[in-house]
Amino acid sequence: MTNHSRARNAALEQALKQADLTYEQAAAAVRVVAAEAGELLRTNRSAVAHWVKGQRPNVQTAAYIAEALSRRLGRSLRPSELGLCDPDQDPAHDRLGLILGADPVETLRRIGEADIHRRKFLTGAAYSVGAAALPLGIDQAVEQQQRAQAGHQRAGHAEIAAVRDMVDMFTRIDERHGGQHGRSAVVQYLRSDVADLCLSTFDTDEHRRSALGAAACVSYLCGWKAFDAGEHGLAQRYYLQSYALTKEAGDDLHGAWILRIMAHNGMDVRQPERTVDLAEAALARVHQRVDPTTEALFAVTRARALAHANRPAEAVAQLREAQDLVVRGDDQALPFWAALWGSPRATVASHTAKTFRELRDHANAEKHYAVSARSRPGSGHEHQRITALTLAAQGREQAAQGHLEQACGTWGQSLDLFGGVRSARAAGEVRGIRRHLKVFARRGVQAAADLDERARSWQRAYV
């Protein structure tokens, strides 16, 4: 905090009143946002009081305050709007990737550059609730644009097929070994080969649209890898630009898939304010326009969002529809952008389990996590990371029901699969397992002590 004192900050004081936050609650909210961005702040009620009196925090802390209040109030706020800096001092780089309507290829080049060089302003950016609503408002505001053809290279089916093959390969590696394997290679591929492809001269408009769609898949994969590393603000930026590419390609169905991803992203980071809107917009776009299996993936997303919105009856009804759709469908009918991520039956089962977990129905959550784990091909090894995460979650639901020995057995299977996986989510699950095991050990569950030693050894090797 600077020593520069000003007149009382009426804008911040008013925002705190509108948000119905005490100084202590506001300080806690700011600490949460900072922690998401990888920074440990010791902000307390006294600091908030000083800000209200007119003292200004540093630029990064001001951004955290703006995001914390944006989340609470459900609208996007800049630090200058809260009297925390002058308008020309709003950090422009903090908006990188959070604007739709600019050239998504150029934006992705810039995001990729910052990602490759691990620039803190982007890799440590917090998830933005305000930005989550951006795709819902641009359909009328942004016209489909025809990218100017640079003419420095020609491209067609063969070049597009090569990008799809690369996405498929990188995704398989990601699913087996975790998001941090090959991450810099994927980002570099996006900002060089894929970006150059988008600037090519194409023989047909269909080829141009297909190239943009392939680029959207690579951008989404980069976002997924950032999410798997716990870099949620960076992931959100990749997802937004992936969506912008689908808009430029004029592909509403692929765009709906990105809306679906953004809905799950909000729920996974426990910021579900916009997720029902995103999930419903995605489902409405694909309803009866795709095969039943693909539609099931959208329907189960809406069910999970409804559970987060505390609408349990609607959530359970939507689950039934999703399960009916996936049974009636044909896995071979999935479009490329959905087929990349493996068995739709496993995915529907996993999100069904997450929905029941949100509804605190631990028995049903356990049941569907088990179905999801069994539905992965190759005994889980082709999808090693997600199967390990699913088994860890299943064990947690068993523990919640008091089935301690059973939970230890399931967690043991999970640890078997976590070997070699580099993922922040994996590390988080292992920490959670160890927290439970310490409680079990105090209750005299012998298996808990042995399993805890295995979990500790995994942490030494991979964290």
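The values are calculated or read from the model by the stated rules, or taken from the named source; none is laboratory data. Owing to the predicted nature of the structure, the values given are computational and were not obtained by experimental measurement. Please note: Cβ atoms are built from the backbone with ideal geometry, for glycine as well, and neighbour counts cover all protein chains shown.
Screening P79, P104 for residues that are surrounded by 17 or more Cβ atoms within 10 Å (Cβ to Cβ), of a type outside the set (A, V, I, L, M, F, W, C), touching an Asp or Glu at 6+ places or on another chain (Cβ under 9 Å) and assigned by TED's automatic domain parsing to the domain that holds D228 leaves exactly one candidate, P104.
Scanning the stretch 117-141 for residues that are among the hydrophobic types (A, V, I, L, M, F, W, C) and either modelled with pLDDT of 50 or more or surrounded by 14 or more Cβ atoms within 10 Å (Cβ to Cβ) (or both) gives F121, L122, A125, A126, V129, A131, A132, A133, L134, L136, I138. Kindly establish whether M262 is over 30 Å from D193 (Cβ atoms) and out of contact with any Gly (no Cβ under 9 Å at 6 or more places or on another chain). No: the conditions fail for M262. Number of residues in the stretch 15-59 that are free of Cβ contacts under 8 Å to residues at least 24 places away in the same chain and in contact with an Asp or Glu (Cβ under 9 Å, 6 or more places away or on another chain): the value is 2.
What number of residues within the stretch 292-311 satisfy the criterion of being surrounded by fewer than 19 Cβ atoms within 10 Å (Cβ to Cβ) and either touching an Asp or Glu at 6+ places or on another chain (Cβ under 8 Å) or in a helix (DSSP H, G or I) (or both)? Quick ask: steps written out before the conclusion?
Applying the first criterion (surrounded by fewer than 19 Cβ atoms within 10 Å (Cβ to Cβ)) to the stretch 292-311 yields 292, 309-311.
Next, only the ones that are either touching an Asp or Glu at 6+ places or on another chain (Cβ under 8 Å) or in a helix (DSSP H, G or I) (or both) stay: 292.
So the count comes out to 1.
For the stretch 398-414, indicate whether the set of residues that are touching a Lys or Arg at 6+ places or on another chain (Cβ under 9 Å) and under 28 Å from T294 (Cβ atoms) is non-empty. For the stretch 398-414, residues touching a Lys or Arg at 6+ places or on another chain (Cβ under 9 Å) and under 28 Å from T294 (Cβ atoms): absent.
In the stretch 259-274, which residues are among the β-branched types (V, I, T) and at pLDDT 95 or above? Can you show your working first?
Initially, the stretch 259-274 is screened for residues among the β-branched types (V, I, T), giving 261, 269.
Passing the criteria: only I261.
With the condition kept exactly as written, say whether any residue in the stretch 214-226 is over 16 Å from the mean Cα position of the chain (by Cα) and under 24 Å from L108 (Cα atoms). Within the stretch 214-226, one or more residues are over 16 Å from the mean Cα position of the chain (by Cα) and under 24 Å from L108 (Cα atoms).
Could you tell me whether G230 is in contact with a helix residue (DSSP H, G or I) (Cβ under 7 Å, 6 or more places away or on another chain) and on the phi > 0 side of the Ramachandran plot? Spell out how you get there, then give the answer.
Working: in contact with a helix residue (DSSP H, G or I) (Cβ under 7 Å, 6 or more places away or on another chain): yes; on the phi > 0 side of the Ramachandran plot: yes.
Judged against the criteria, G230 is a match.
Checking each residue in the stretch 229-270 for being in contact (Cβ under 8 Å) with a residue 40 or more places away in the chain, surrounded by fewer than 22 Cβ atoms within 10 Å (Cβ to Cβ) and acidic (D, E) picks out D251, D268.
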